[in-house]
């Protein structure tokens, strides 16, 4: 039996990591869960994450970002996602290729379609469910209690474009996407996510 792939998406500061932890705890009571983050989750991926987040790399182009994210993702799919799904486990991902489509494809202007075409070429596993945590970028910025990394430091207009792209992708792929309001307190957001997950899985 193949496992299930659940992805949490959204702009920076929307609460993905918090919700991933809560959902991991809830699902682990009944099933074996493998929780991963992007970019990262492997030795190679974590090194790429450091390069991408480093504010000193201000000269990095959107094309370079795209290829680095895809490289980290390819390693994660090979090492972790594929084996876990074949083993019948639930894979819980904090970001996936939809983030690359929203950030580099939409907000940076490379084209969402071009990013998704590359996803097809590389044959990444498709998610069973994508939970989009939707939040106003101004509110998300207030929640950030640390110095921004290189991507986060691109500013509010960039985050607005990211959010807009995420919402369009959700409208275009209603089979996989479910939009969850990220404004309420974390426990309320978690309850809404659990309802979605139980219906879909």
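Consider just the alpha-carbon atoms of segment 89-194 and return their Rg together with their Dmax, both in angstrom.
Gyration radius and largest Cα-Cα distance of segment 89-194: 14.4, 39 Å.
Obtain the radius of gyration and the Kirkwood radius of the chain from its C-alpha atoms and give Rg over Rh.
Rounded to two decimals, Rg over Rh is 0.93.
Counting each DSSP H run of 4 or more residues in the chain as -39500 (n - 2.57), what helix-only mean residue ellipticity at 222 nm follows after dividing by all residues, to the nearest 500 deg cm²/dmol?
It lands at -14500 deg cm²/dmol.
Please give the peptides 76-87, 168-179, 136-147 ranked by average Cβ packing (other Cβ atoms within 10 Å per residue), highest first, as a rough proxy for protection.
The packing order, highest mean first, is 76-87, 168-179, 136-147.
Report the extension gain between residue 71 and residue 181 in nm, rounded to one decimal, defined as 0.36 nm multiplied by the number of residues separating them, less their alpha carbon distance.
Stretched out fully, the residue 71 to residue 181 stretch lengthens by 36.5 nm.
Sort the following peptides by mean Cβ neighbour count (other Cβ atoms within 10 Å, averaged over residues), highest first: 187-196, 32-41.
My ranking of the peptides, most packed first, is 32-41, 187-196.
Quick one: if the Förster radius is 25 Å, what FRET efficiency do residue 47 and residue 173 give, using the C-beta to C-beta distance and rounding to 0.05?
Rounded to the nearest 0.05, the efficiency is 0.20.
Based on the Cβ-Cβ distance of residue 164 and residue 126, what FRET efficiency does E = 1/(1 + (r/R0)^6) give at R0 = 35 Å, to the nearest 0.05?
0.90
How large is the translational diffusion coefficient of segment 162-201 in µm² per second when you combine the Kirkwood radius over alpha carbon pairs with Stokes-Einstein at 37 °C and 0.692 mPa s?
Value of D from the Cα-based Kirkwood radius: 295 µm²/s.
Any chance you could run the full-extension gain for residue 56 through residue 114? It's 0.36 nm times the residue separation minus the Cα-Cα distance, nm to one decimal.
Stretched fully, the residue 56-residue 114 segment lengthens by 18.1 nm.
Any read-out appearing in this document is the output of simple, stated calculations on the displayed coordinates, not a laboratory observation. Because the structure is predicted, anything quoted here is derived from the model rather than measured. Cβ sites come from the backbone with ideal geometry, for glycine too, and all protein chains shown count toward neighbours.
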